[in-house]
Amino acid sequence: MPLPVAAFAQALLAAAGLGGGSPPAEDPLAGLTARDKAALVVVSGLPAPRGVGGVFVRSWNADAPRPRDTLVFVDQEGGEVRSFPALPPAPWPSEHATAREARAAGRETGAALRRAGVHADFAPVLDLAGGPLGARHFRRPELGVAFARGLGEGGVAACVKHFPGLGSAEQSTDDRPWVLSRFRRAELAAFRAAIRAGVPCVMTSHAVYRELGFARALNSHEAHRMLRDWGFEGVVVTDSLSIFSSGPWPVEWARRALRAGGDLVLYTSPGHARRAIRALVPLARAGELDEAVLRVLELRRRAGLPPP
């Protein structure tokens, strides 16, 4: 069961060395408006709306101005999937042969990204080899977990994906908004191993799963409950909701994902991000976003960013 918001805030303050046996002197949510909270659970492509929780940098806008003191996310998996093509890792994930090699690549990547002002990498892919992502899959899940460890050692948060796994899907969710997948024991074990290794971020999949009652993982209460039951205390972010490019869906899936237990909703489109912030203000006023905001604030603290 999730902690009540007051207890969760106390726990985060204690983890930061700011708490103690008595109630916290300052509420981390104090002074934040409903609009502030709604923006803090959104990651946007550039140019981003004011106050977003994070920005997503792509290869074609890597040199664009970024908001100050905002979490910076990238896709730096390797091969051709690199927001910064000149930075490591040059090999595709499938080319790593040993855990030592993968961990060293992650460490080098994390250090390079940190120097570039990045705080979190939407990597590694933990979906089983043989799935729809081709060379983006590691040969074995433990190599992906090793890469995640290396990213953290290099100073950047790993965000493992795509929970609960795309290895059984016939197509990538980047190509179609409706993809059917199913649970695989080895994929679930890989995510559990990453959680035991201390990853601070997990990305949920767009795919529809039989085991979730043919629901999308990103808006499934059961999927989020699995992560928390495994002891995950970090941030859960959706895959990009801009894949639902028309109608109410970019915003509707954000509401559903956050109500299901997610913490951040990702958009490549700044326009979608602006719409989402407006739509999430009522949830913020009702207190439905408070636990998500607290987790985002903790990720910011770990990244060395000041309070918003």
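Determine, yes or no, whether A64 is in contact (Cβ under 8 Å) with a residue 12 or more places away in the chain and surrounded by 21 or more Cβ atoms within 10 Å (Cβ to Cβ). It is false that A64 is in contact (Cβ under 8 Å) with a residue 12 or more places away in the chain and surrounded by 21 or more Cβ atoms within 10 Å (Cβ to Cβ). If the condition is being aromatic (F, W, Y) and closer than 21 Å to R103 by Cα, then segment 179-234 contributes only F191. Among residues of segment 228-239 that are touching a residue at least 40 places away in the same chain (Cβ under 8 Å) and crowded, with 19+ Cβ neighbours inside 10 Å, those with a Cβ under 6 angstrom from a residue that is among the charged types (D, E, K, R) and in a helix (DSSP H, G or I), sequence gap 6+ or separate chain, pair up as V235/R295. Would you be able to say whether some residue in segment 9-22 is at pLDDT 95 or above, part of a loop (DSSP other than H, G, I, E, B) and farther than 21 Å from M203 by Cα? Taking every residue of segment 9-22 in turn, none turns out to be at pLDDT 95 or above, part of a loop (DSSP other than H, G, I, E, B) and farther than 21 Å from M203 by Cα. Selection of segment 65-95 for residues being assigned to a helix (DSSP H, G or I) and over 20 Å from the mean Cα position of the chain (by Cα) yields S94, E95. Residues that are in contact with a strand residue (DSSP E or B) (Cβ under 6 Å, 6 or more places away or on another chain) and among the polar types (S, T, N, Q) were ranked within segment 236-266; the one that is farthest from C159 (Cα to Cα) is S240. When residues in segment 240-250 are screened for being buried (at least 21 other Cβ atoms within 10 Å of the Cβ) and either of a type in the set (A, V, I, L, M) or under 13 Å from the mean Cα position of the chain (by Cα) (or both), 2 of them pass. Inspect all residues belonging to segment 280-294 and state whether any of them is part of a helix (DSSP H, G or I) and among the small types (G, A, S). Yes, that holds for at least one residue. Scanning segment 213-222 for residues that are part of a helix (DSSP H, G or I), over 13 Å from D263 (Cα atoms) and out of contact with any His (no Cβ under 9 Å at 6 or more places or on another chain) yields a total of 1. Selection over segment 122-162 of residues that are among the aromatic types (F, W, Y) and modelled with pLDDT under 95 gives a count of 0. Checking L188, L180, L166 one by one, the residue that is in the same structural domain as V72 (by TED's automatic domain parsing) and modelled with pLDDT of 95 or more is L188 and no other.
Please enumerate the residues belonging to segment 130-183 that are within 12 Å of V199 (Cα to Cα), of a type outside the set (G, A, S) and touching a Lys or Arg at 6+ places or on another chain (Cβ under 7 Å). Across segment 130-183, the qualifying residues are F147, R149, E153, V156. Taken over segment 112-135, the criterion of being crowded, with 24+ Cβ neighbours inside 10 Å, of a type outside the set (V, I, T) and not in a loop (DSSP other than H, G, I, E, B) is satisfied by L113, A120, D121.
The values are calculated or read from the model by the stated rules, or taken from the named source; none is laboratory data. Predicted model, so just to flag it, every value in this text is computed and none were measured. Virtual Cβ from ideal backbone geometry, glycine too; neighbours counted across all protein chains shown.
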